[in-house]
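Every number here is computed from the coordinates shown, using simple stated rules; none is lab data. Computed from a prediction, not measured in an experiment: that's the story for all the values here. We place every Cβ from the backbone using ideal geometry, glycine too, and count neighbours over all the protein chains shown.
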Amino acid sequence: MDFKEASLRERKIYYHEEWKEKDVPGFIVERITEREFAFDHDGNGYNDRYKAFDTVGEFADFLIKNFPYAVCTSVSYYSKPKNREDWKGAELVFDIDAKDLAVKNCECKDGNVCENCLSEAKEIVLNIKDTMTDDLGIKRLFLVYSGRGYHLRVVDKEVLPLERRSEILEYVTGSKRSKDLFLSHGYPAVYRKMFILTFNKMKEKDLPFSKNITNALLSDKEIIISKLETCHADFLDIKGIGDKTKNDLLSHIEQINASLVDGKVTVDVKRILRLPSTLHSKVSMKCVEIKNIDNFDPLKHAVPKFVHERKD
Ligand SMILES: [Zn+2]
């Protein structure tokens, strides 16, 4: 899979032969008249904005006529989406882009993704999803493969008007130190879970310490993780590691965890987000709503047919 850009001809084939109305998620269709639609027609950005549609059929006609490079909708609902007037609320969105992960076990550079970092992005989004449902009691949330990572979209009525989105973001990413790291439930448990998730993947290049300290931390990695899992406060008591290093390590991982999710997307309710069912033309993958995450494999379920028919 080489994630090559889709041609105009391939986009046309996709929207004429493969795209189906029924693939637009129910959570979009149910309030379609309240969403702003935005289109990128040529790969130069979303220059065709403030569109609105009364029905999915009307939207389908537009796609078949224009086969756009990219399609987004607003995460917000408006009475008059064409003017973005009379704001009604917004989804709470977590955007995990595989290309932006600070710690990953692959050699991807410059906006590229591969099977490895895509599966790491999936692991992160699943951890956040569990925290949202188990800790925060959220029920209506949807997973989307974005074409180059994952979106978690929450449409519970309770969170739509919520103004505390940056706090939720800190909570689910475990990016703020809690006073007591070892309470069995609640935020400290999320903090430990996310710390382990990131620390476990770290290699020499990911740690900002001297060679000696880095080696000490890496050779004791399994012990550190198992102590943290069993709530042992001495999890970083290692020969040669002082309080400053301990503190720096925690801060470093908190910073990385804060960057797992694109915070601007979560906090800014004016954002537009790629619409599931449409094509991510830059990498020739479909953005799809994920019905069953356990067997979801982007390389099986999000590759458009035209990619298999390519000759070169
Ligand atoms: Zn990669």
>> At 1.002 mPa s and 20 °C, plugging the Kirkwood radius over alpha-carbon pairs of segment 219-296 into Stokes-Einstein gives what diffusion coefficient in µm²/s?
In response: 127 µm²/s
> trypsin sites (Lys or Arg not before Pro), restricted to segment 12-81: which are DSSP loop and have at most 10 other Cβ atoms within 10 Å?
Replying inline: Lys20
> So how do Lys205, Lys4 line up by other beta-carbon neighbours within 10 Å, fewest first?
Replying inline: Lys205, Lys4
> Looking at segment 1-102, what % of the alpha carbon pairs are farther apart than 17 Å?
Replying inline: 60 percent
> How much length is gained on full extension from Thr55 to Lys244, taking 0.36 nm per residue of separation minus their Cα-Cα distance?
Replying inline: 62.1 nm
> So what is the orientation-averaged projected area of segment 84-205, using the convex hull of its C-alpha atoms, in nm²?
Replying inline: 9.2 nm²
> Give or take rounding to whole Å, what are the principal axis extents of the alpha carbon atoms in the chain, in descending order?
Replying inline: 67, 49, 32
> For segment 203-213, what does the Karplus curve 6.51 cos²θ - 1.76 cosθ + 1.60, with θ = phi - 60°, yield as ³J(HN,Hα) per residue in whole Hz, taken in order and with x for Gly and Pro?
Replying inline: 10, 3, 5, 8, 10, x, 10, 5, 4, 4, 5
> Could you state the number of Å between the C-alpha centres of segment 5-73 and segment 213-244?
Replying inline: 50 Å
> Are there GluC sites (Glu not before Pro) in segment 220-312 that DSSP marks as loop and that have at most 11 other Cβ atoms within 10 Å, and which are they?
Replying inline: Glu309
> Lysine pairs in segment 35-168 8 or more apart or on different chains: how many have alpha carbons under 26 angstrom apart?
Replying inline: 24
>> What is the distance in Å between the Cα centroid of segment 146-192 and that of segment 254-296?
In response: 16 Å
>> I'd like the FRET efficiency for Asp134 and Lys291, computed as 1/(1 + (r/R0)^6) with the beta carbon distance as r and R0 of 30 Å, rounded to 0.05.
In response: 0.90
> Using θ = phi - 60° and the Karplus curve 6.51 cos²θ - 1.76 cosθ + 1.60, what whole-Hz ³J(HN,Hα) does each residue of segment 186-202 get, with Gly and Pro shown as x?
Replying inline: x, 4, x, 5, 5, 4, 5, 4, 6, 4, 5, 3, 7, 4, 4, 8, 6
> Kirkwood Rh, segment 168-211, all Cα pairs: how many Å?
Replying inline: 11.5 Å
>> On a full-extension model of 0.36 nm per residue, what is the gain between Ser178 and Glu229, subtracting their alpha-carbon distance, rounded to one decimal in nm?
In response: 16.7 nm
> How large is ³J(HN,Hα), in whole Hz, for each residue of segment 23-33 in order, when computed from phi with the Karplus curve 6.51 cos²θ - 1.76 cosθ + 1.60 and θ = phi - 60°, using x for Gly and Pro?
Replying inline: 7, 6, x, x, 6, 8, 4, 4, 10, 4, 6
> What are the residues whose amide H is under 5 Å from the amide H of Ser277, where those residues sit 5 or more places off or on another chain and H is modelled from the backbone?
Replying inline: Cys287, Val288, Glu289
> If each of Val303 and Lys80 carries a label point 7 Å out from its Cα toward its Cβ, how far apart are those two points in nm?
Replying inline: 4.8 nm
>> Once you compute Rg and the Kirkwood Rh from C-alpha atoms, what is the Rg to Rh ratio for segment 165-265?
In response: 0.96
> Which trypsin sites (Lys or Arg not before Pro) from segment 221-312 combine a DSSP loop assignment with at most 15 other Cβ atoms within 10 Å?
Replying inline: Lys239, Lys270, Lys291, Arg310, Lys311
